[in-house]
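Working notes, structure below.
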Amino acid sequence: MGRLFGTDGVRGVANSQLTPSLAFRLGQAGAYVLSKEHPHPRIVIGKDTRISGDMLEAALVSGICSVGADVLRVGVLPTPGIALLTRTLDVSAGVVISASHNPVQDNGIKFFDSTGYKLPDGIEDEIESIVLNKEKPWEVPIGGEVGRVIDINDAGRRYMDFLKNTVGRLDGIKVVLDCANGAAAYVGPIVLREVGVEVIPICNTPDGVNINASCGSTHPEQLQRAVIEHGAALGLALDGDADRLIVVDEQGNILDGDFIMLICALAQKAKGTLDLNAIVITVMSNLGLHMALKEAGIEIFQTQVGDRYVMEELLRTGAKLGGEQSGHIIFLDHNTTGDGLLTALHLLSVIKERQIPLSQLASQMRRLPQVLLNTTVQHKDRLMQDERVLEKVKEAELALGDQGRVLVRPSGTEPLIRVMVEGPDQDKLKELAQGVIDIIRQCDE
């Protein structure tokens with residue numbers, strides 16, 4: 001698998017790349033590294049609805065218990081719910097078994113420290129070194145020192161109560177909620193109904209293999225149709241582990257994380273609650289968002305792609321709102337990771353307060369044309385340094401001049417290179433983006 005940890009934990013094809021034996025070793029190494037300061041370590045574990053989750057959970061639990069740590073097992077729960085429990089249950093660490101928006105054959109393992117934050121690179125490197133070198137720096141416990149498993153049966157209730165306490169009543173709003181047949185299929189509809197929202201849930205019957213299948217934040221077409229059919233005020237699309245949100249307005253238009261961040265940032269600024277009068281975004285955010293934020297007098301901190309880097313910048317600057325175009329939005333006053341349901345509730349609160357349609361709120365930003373193409377590659381790191389690729393990118397940048405930009409980056413979680421070209425002419429953008437993709441494919445042969 002090369003380096004184990006990507007931008008969002010360890011991911012791979014379950015039972016092929018991410019095997020039970022690897023999960024076992026990750027459990028051992030993770031428990032050892034994250035529990036050094038705890039005489040009786042406890043680690044909370046949750047998962048999404050993938051069929052491979054049970055297999056990997058069993059291996060991971062065995063690894064953790066084999067180094068003397070207890071496991072608090074919560075079952076299926078959104079990633080942000082695990083982050084919440086990790087910082088509120090007096091545990092050493094938290095683990096999520098999920099590949100987020102990836103297809104069902106993939107799975108992943110990501111860790112939170114005891115405060116609910118994703119691990120810094122240094123800690124991941126220490127865990128990875130132990131796994132790859134097959135070290136055992138711990139004393140093997142025996143007898144009563146072996147870890148045990150404790151099932152937490154009210155995890156969903158704890159998370160829903162937390163979400164409800166971040167907003168007021170939201171009566172009178174009709175929404176369609178696409179649960180992606182994932183981790184929020186149970187808690188999502190319930191928490192929205194409990195704050196007064198009229199909910200029409202779709203893709204909320206997970207069977208182990210239908211997670212993210214033509215649904216959720218990466219495939220909102222079904223949601224678009226349902227919003228129009230039901231005359232809903234908006235549609236909410238989560239991904240498999242419910243840490244991201246994409247929305248559809250009452251006219252069926254897709255609004256990504258850039259629109260959501262702008263709407264929430266402007267609402268906070270109007271109320272005087274936007275910390276530092278600033279927001280953290282990534283290099284993927286549309287130039288239209290930059291223009292709208294600058295016009296509103298909101299400072300922008302920019303970082304590389306990945307919600308972990310957004311979080312690092314929030315902590316560095318003291319800002320409290322940030323996120324990605326993909327829909328990972330972080331409200332640092334409330335949670336320590338992207339949270340799709342939390343974001344949905346805060347967006348609904350703005351709609352409730354303003355009493356105007358979502359399409360009108362979204363009109364505060366004019367999205368510049370943007371073309372994003374992906375290509376599967378074998379050697380993504382080498383290709384990013386290939387002179388032929390770099391020359392083609394430079395050529396595209398010269399063609400756009402100061403009217404746009406080109407961004408080429410490797411995916412942190414998949415064997416892909418992503419090419420984003422932005423500017424005023426959609427047809428020209430497609431031509432330039434395809435040209436870069438073609439060179440990448442040629443150089444990968």
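The values are calculated or read from the model by the stated rules, or taken from the named source; none is laboratory data. Since we're looking at a predicted model, the values are computed, not measured. When we count neighbours, we look across all protein chains shown, and the Cβ atoms used for this are built from the backbone with ideal geometry, even at glycine. Surface accessibility is based on the protein's heavy atoms, side chains included, excluding ligands, DNA and RNA. Shrake-Rupley method; radii C 1.70, N 1.55, O 1.52, S 1.80 Å.
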Any idea how many residues of region 314-331 are open to solvent by less than 30 Å² (accessible area, probe 1.4 Å) and within 17 Å of the chain's Cα centre (by Cα)? 11
Assigned to a helix (DSSP H, G or I) and either more than 21 Å from Phe5 (Cβ to Cβ) or open to solvent by 40 Å² or more (accessible area, probe 1.4 Å) (or both) - does that describe any residue in region 408-422? no
Could you check region 89-113 and list, in sequence order, the residues that are open to solvent by 50 Å² or more (accessible area, probe 1.4 Å) and more than 29 Å from Gly216 (Cα to Cα)? Asp90
Leu348 passes all but one of (1) touching a residue at least 12 places away in the same chain (Cβ under 8 Å); (2) over 28 Å from Gln105 (Cβ atoms); (3) aliphatic (A, V, I, L, M); (4) not in a helix (DSSP H, G or I); which number fails? (4)
Selection over region 367-389 where residues are surrounded by fewer than 14 Cβ atoms within 10 Å (Cβ to Cβ) and closer than 20 Å to Leu429 by Cα yields a count of 2
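For the structure I just gave you, tell me whether Ala185 is open to solvent by 10 Å² or more (accessible area, probe 1.4 Å) and in a loop (DSSP other than H, G, I, E, B).
yes
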Of these, Leu342, Leu400, which one is in contact with a Gly (Cβ under 6 Å, 6 or more places away or on another chain) and part of a helix (DSSP H, G or I)? Leu400
Run Gln385 past the list (1) touching a helix residue (DSSP H, G or I) at 6+ places or on another chain (Cβ under 7 Å); (2) assigned to a loop (DSSP other than H, G, I, E, B) and report the number of the one that doesn't hold. (1)
What pairs come up if the first residue lies in region 289-303 and is closer than 17 Å to Gly272 by Cβ, the second is open to solvent by 40 Å² or more (accessible area, probe 1.4 Å) and of a type in the set (D, E, K, R), and their beta carbons are under 7 Å apart, counting only those six or more places apart or on different chains? Ala296/Lys269; Ile298/Lys269
Residues of region 351-366 that turn out to be touching a residue at least 60 places away in the same chain (Cβ under 8 Å), among the small types (Gly, Ala, Ser) and either open to solvent by 60 Å² or more (accessible area, probe 1.4 Å) or touching a Cys at 6+ places or on another chain (Cβ under 6 Å) (or both), as a count: 0
